[in-house]
Amino acid sequence: MQNLIEKFSACYGLAPIAAAQAPGRLEVLGNHTDYNEGLVLSCAVEQKTAFALAPVEGSLCRIMDFREGREMTFDLADVDGAPPRDGSKYIIGMIRELRRYGLPAQAFCAGLESSVPLGSGMSSSAALEVASGLAFSIAFRLNLEQDPAVIARAGQGVENHYLGVKSGLLDQFSSLFGARDALILSDFREAAVTGSAQLPPGYAFVVINSMKKHSLVDSDYNSRREDCESAAARLAEMFPGVTALRDVTPEQLAAARAALPWREYRRAQHIVWECSRVRTAMELLRDGDVRGFGKLLFESHESSRLNFENSSPELDILVDIARHTPGCLGARLSGGGFGGITIHLVRAARAAEYAESVCAEYRRRTGIAAESFVCAPGDGAMGYAI
Ligand code: GLA
């Protein structure tokens, strides 16, 4: 953070008045359950985005991206138009969302730095939304940092209302509420963190990026959400007390099989069982049963592949390699899917060696050079007045 503040001062010749940092996230278990009011086990990662700002006169906003030494600019008069192509869209989106909490139409200059790899499936966009939201809140005294869930909702609003992705709250939530060395359990009916767990000592997550994303990720994401909502509406008519897929028990779903369109049945199957796997995972982690936990990761992937159809040939290859590589206890796709990343639960002492061996085999089978990281759960977001 100190580094960013120094670069900011050197670049603009003035000091920032507020700064914030927000980490990327890893979805550990509970895939597409967030917008079904369900449960997710996730963590913040150590890679983070930092954002600092100072108000200036006029209407031109400047954001220096110190990663690339590139400046993005926009005029406050234009924020109601279509989103730009560069990363300033996340910041413009936050400005639009935070207006309703009193954000003034005040120009600023800002600086940003990030170690969250872009497009890596670790939610670099949510990290930027959360970091800029916290910094705006502090700089303009909106006091939202007292109720961080509001910042999470504003970030979700950017995706839902401005960028057209009907995503849930998971990414922003994990970035805000993640905690060092902890996996957090979030309940998206209550929009609250309701528990936490730890990996037993000696185990770690390796993230391996398939380096492939197919071109219609956003529309596929939205269509999965529509399937889920349609299935939930049908099930709500059959079973009193059901308002979202999170409420449906495996028994109810089995009883409704013939009454649901086949595709919706399989989508619901994924969500209902993911929620159940998250509950089981909490028990297994409490008991230190890391093998049992790993099996749930494999099961989750299998359900993505067959029921939710949000896997891809490359993700399937990575998980297949994982199954046949010694030292791996479980692996699955993580995040929205349709490409992106896989996470692998492995013995920490051999994590680097494991990653190297999976990447080598992946390259042999696909010709693709994958990126990998050993990931440790890191701190949640923080903001500072300067
Ligand atoms: C993306 C979305 C999240 C969540 C995951 C899948 O990361 O942004 O809201 O739905 O996919 O669990």
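Given LYS7/LYS213; LYS166/LYS295; LYS89/LYS213; LYS48/LYS166, which pairs have Cα atoms separated by over 32 Å?
LYS7/LYS213
Relative to the longest principal Cα axis of the chain, at what angle does helix 290-303 sit, 0 to 90 degrees, rounded to 10?
Taking Cα atoms only, the helix is inclined about 90 degrees.
Give me the extension gain from GLU353 to PHE239: residue separation times 0.36 nm, minus the current Cα-Cα distance, reported in nm with one decimal.
Stretched fully, the GLU353-PHE239 segment lengthens by 36.0 nm.
I want to verify a result. In a Gaussian network model of the chain, Cα cutoff 10 Å, which of these has the top mean-square fluctuation: ALA107, ALA204, ALA349?
With Cα springs under 10 Å in the chain, the top fluctuation among ALA107, ALA204, ALA349 is at ALA349.
Give the angle, between 0 and 90 degrees and rounded to the nearest 10, that separates the Cα long axis of helix 124-139 from the longest principal axis of the Cα atoms of the chain.
Here the helix axis deviates by roughly 40 degrees.
Testing the spin-label approximation: label points 7 Å from Cα along Cα→Cβ at THR194 and GLN106. State their distance in nm.
Distance between the two pseudo-spin positions: 4.0 nm.
Could you identify which residue out of GLU302, GLU190, GLU113 has the top mean-square fluctuation in a GNM of the chain using Cα springs shorter than 10 Å?
Highest fluctuation of the listed residues: GLU190.
So what is the accessible area of the chain per residue, in Å², with the probe set to 1.4 Å?
Ligands and nucleic acids excluded, the result is 40 Å² per residue.
Please report, in debye to the nearest 20, how large the charge dipole of the chain is about its Cα centre when each Lys and Arg carries +1 at its beta carbon and each Asp and Glu carries -1 there.
Details: 39 positive and 47 negative charges, 102 e Å.
Taking the Cα centre of the chain as origin, the dipole is about 500 debye.
Which residue, SER123, SER372, SER175, has the most motion in a Gaussian network model of the chain that connects Cα atoms within less than 10 Å?
Looking only at SER123, SER372, SER175, the biggest GNM fluctuation is shown by SER372.
Just want to confirm a number: the relative contact order over the chain, from Cα pairs under 8 angstrom separated by 6+ residues, in percent.
24 percent
Between ASP86 and VAL374, what is the label-to-label distance in nm when each label sits 7 Å out along the Cα-to-Cβ direction?
3.7 nm
Which of the three applies to the stretch 134-228, rounded, prolate or oblate, going by the alpha-carbon gyration tensor with a ≥ b ≥ c and a/c under 1.5 meaning rounded?
It is oblate, given that a/c is not under 1.5 and a/b is not larger than b/c.
Just subtract the alpha-carbon distance of SER215 and ARG323 from 0.36 nm times their residue separation and send over the number in nm, one decimal. Spell out each step's value before the answer.
On the way: separation 108, 0.36 × 108 = 38.88 nm, distance 2.80 nm.
36.1 nm is the gain from fully extending SER215 to ARG323.
If you keep only loop residues by DSSP, which trypsin sites (Lys or Arg not before Pro) in the stretch 97-153 have at most 12 other Cβ atoms within 10 Å of their Cβ?
ARG141
Which residues among the stretch 86-102 fall inside the zone where the amide N is under 12 Å from a point 7 Å beyond the Cα of LEU163, along Cα→Cβ?
86-94
If one takes the longest principal axis of the Cα atoms in the chain, at what angle in degrees, from 0 to 90 and to the nearest 10, does the Cα axis of helix 217-238 lie?
Long axis of 217-238 versus the principal axis of the chain: about 60 degrees.
In percent, how large is the relative contact order of the stretch 96-179, given Cα pairs closer than 8 Å and 6 or more residues apart?
Relative contact order, the stretch 96-179: 29 percent.
Let me have the relative contact order for the stretch 310-386, percent, based on Cα pairs under 8 Å that are six or more residues apart.
Relative contact order for the stretch 310-386 comes out at 25 percent.
Between ARG257 and GLU283, take the C-beta separation as r, use R0 = 30 Å, and let me know the FRET efficiency to the nearest 0.05.
The pair ARG257/GLU283 has a calculated efficiency of 0.65.
The values are calculated or read from the model by the stated rules, or taken from the named source; none is laboratory data. Please read all numbers here as calculations on a predicted model, not as lab measurements. Glycine also receives a Cβ, built like all others from the backbone with ideal geometry; neighbour counts cover every protein chain displayed. Side chains are part of the model used for accessible areas, which takes the heavy atoms of the whole protein and leaves out ligands, DNA and RNA. Shrake-Rupley method; radii C 1.70, N 1.55, O 1.52, S 1.80 Å.
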